Amino acid sequence: MLCHGCAPDVVTYKILLEVACKGRGYRQAMELIDLMHSEGCEPNNVTYNVIIDAMCREGDVDYARQFLNSLPSKGCKPNTVNYNAVLKGFCSVERWEGAEELLDEMVRENCPPNEATLNVIINALSRKGLLQKVNRFLEKLSKHGCTANVVTYNAVINGLCEQGRVDSAVELITYMQSYGCKPDVVTYNTLLKGFCSADLWEDAEELMAKMTQNNCLPDNVTFNTIISFSCQKGLTVQAFEVFRQMPEKGCRPNSVTYSTVINGLANAGEMEQALELLNEMASKGFNSDKLYQLLTECLNKEDKIEEAVQMVHKLEDAGMSPNTVLYNTVLLGLCRNGKTDYAIDMFADMVSHDCMPNELTYFILIEGLASEGHVKEARELLSNLCSRDILCNSLIKNEAFVVRSK
């Protein structure tokens, strides 16, 4: 660069300083500052901030404060970014009085705190659970026109809930409202997750009621949170009740909702309800392919394949056409139980009820026939499907391998 007559500028030196600070520490990097001076390239606030950040990272917050105070003698008036860097350093080592003194100095030096200043202090204090100090700093900062927004509060509330400090999160919501910041659906959902994690179910129910009262309607995340934690705790009856309440509360279940409830019911051995819900899920156009394997395993484990077959017949008799995913689930369960003949009868029912088989349906039947020793029939079915271009090439190769290996 120098050989081609191109002198490094302040941006070049900033990059070099960042590399030096990360690699050798700020003391070695200070040599670059001297080099800048000797080359006639004056450091600016951004340059000096690299050094201040490095000092704080290395724990030398007092030296960082001294360096900040020395900037005017170097021809550079400290700005809000410089103060914020030192402030973050003091907060990282829990020097709260020093942080407050620095904040007062910012105001005296006509260097007003900004949103970043607030975030540094509030996040640090909240992580330590020092909510009384949070309130004091919020009050101090609000006098200088610096107020936290709902995004800031939500981040802090989430951190508190993840630490299991739900009471502190509730207290912080009270503070935010007293400063004119209204909780949004993210705030409530975050706190709801905290309540559920701590098994505070009554508090969770009260919070959902409060959401409606405060014109903040529960959304899919709200309901999915309640349902998910209920299923994890084995409270599938409660989870199913919440699921069924969703439409009347103006919220339609999505694929996550269905998957969560179906998983919960299957794990609780409630296979009939799980299969009915799988059918409903598929009929609404949601992708349920990943669930049929799980339900098949549960059917085999719980020895409830007969119950599943009866459930399918009940739907057929009631005029409620089971869909392909449900049929495939039961077909796979039958084949894995060595009941491929029964599965073929079920397949006939499927076709007679105008439910179109898909490639997976045929895969299940061919594999079932082959696994029970009916290799000739499996080959004939495969050959027939190939001649009619029903199976794709990748499936043909896979099925052919299955049949040959038997």
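Taken together, the values in this text are just the output of simple stated rules run on the coordinates, not laboratory data. Given the structure is predicted, the values throughout are model-derived calculations rather than measurements. We place every Cβ from the backbone using ideal geometry, glycine too, and count neighbours over all the protein chains shown.
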* Asked: Which value, in Å³ per residue, describes the convex hull spanned by the Cα atoms of the stretch 1-112?
  -> 94
* Measure off 7 Å from each Cα along the Cα-to-Cβ vector at Lys143 and Arg127, then give the distance between these two points in nanometres to one decimal. => 2.8
* Structure fact -> Residues other than Val237 with Cβ under 13 Å of its Cβ, Lys/Arg counted +1 and Asp/Glu -1, net out at 0
* **Vicinal HN-Hα couplings computed from phi for the stretch 157-173 (Karplus, 6.51 cos²θ - 1.76 cosθ + 1.60; Hz; Gly/Pro x)** => 4, 4, x, 5, 5, 5, 7, x, 9, 5, 4, 5, 5, 4, 4, 5, 5
* Using distinct alpha-carbon pairs, which all enter the 1/r mean, Kirkwood radius of the stretch 115-217 in Å -> 13.7
* Asked: Okay, which of the stretch 108-151 sit inside 20 Å, backbone N to the point 7 Å along the Cα-Cβ direction of Lys182?
  -> 147-151
* Structure fact -> Across 5 Å bins beginning at 0, the whole-percent shares of Cα-Cα pair distances in the stretch 80-135 come to 4, 21, 35, 26, 11, 3, 0
* Using only Cα atoms, locate the centre of the stretch 80-121 and the centre of the stretch 335-375, then give the distance between them in Å, rounded to an integer. => 70
* Structure fact -> Along the stretch 339-356, Karplus-curve 3J(HN,Hα) (6.51, -1.76, 1.60; θ = phi - 60°) to the nearest Hz, with x for Gly and Pro, reads 10, 5, 4, 5, 5, 5, 4, 5, 4, 4, 4, 4, 5, 5, 9, 6, 9, 6
* Theoretical FRET efficiency, 1/(1+(r/R0)^6), r = Cβ-Cβ of Arg27 and Ser197, R0 51 Å, to 0.05 -> 0.70
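Just how large is the dipole of the chain about the Cα centre, in debye to the nearest 20, putting +1 at every Lys and Arg Cβ and -1 at every Asp and Glu Cβ? Mind showing how you got there, number by number?
On the way: 38 positive and 54 negative charges, 230 e Å.
With only Lys, Arg, Asp and Glu charged at Cβ, the dipole is about 1100 debye.
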* Structure fact -> Quick calc: nm separation of the 7 Å Cα→Cβ label points for Ala318 and Ala209 -> 3.3
* In Å, the Kirkwood hydrodynamic radius of the stretch 46-95 over pairs of distinct alpha carbons? -> 10.5
* **Given charges at beta-carbon only (K, R positive; D, E negative), |dipole| of the stretch 1-112 in Debye** => 260
* Given a Förster distance of 22 angstrom, what is the FRET efficiency for Asp349 paired with Glu380, based on the Cβ-Cβ distance and rounded to 0.05? -> 0.55
* Asked: What Kirkwood hydrodynamic radius do you get for the chain when you take the inverse of the mean 1/r over all pairs of distinct Cα atoms, in Å?
  -> 27.0
* To do: May I ask for the net charge around Glu162, where only other residues with Cβ less than 13 Å from the Cβ of Glu162 are counted and Lys, Arg are +1 while Asp, Glu are -1?
  => +3
* Structure fact -> Per the rule of 0.36 nm per residue minus the C-alpha distance, extending Asp62 to Val256 adds in nm 64.7 nm
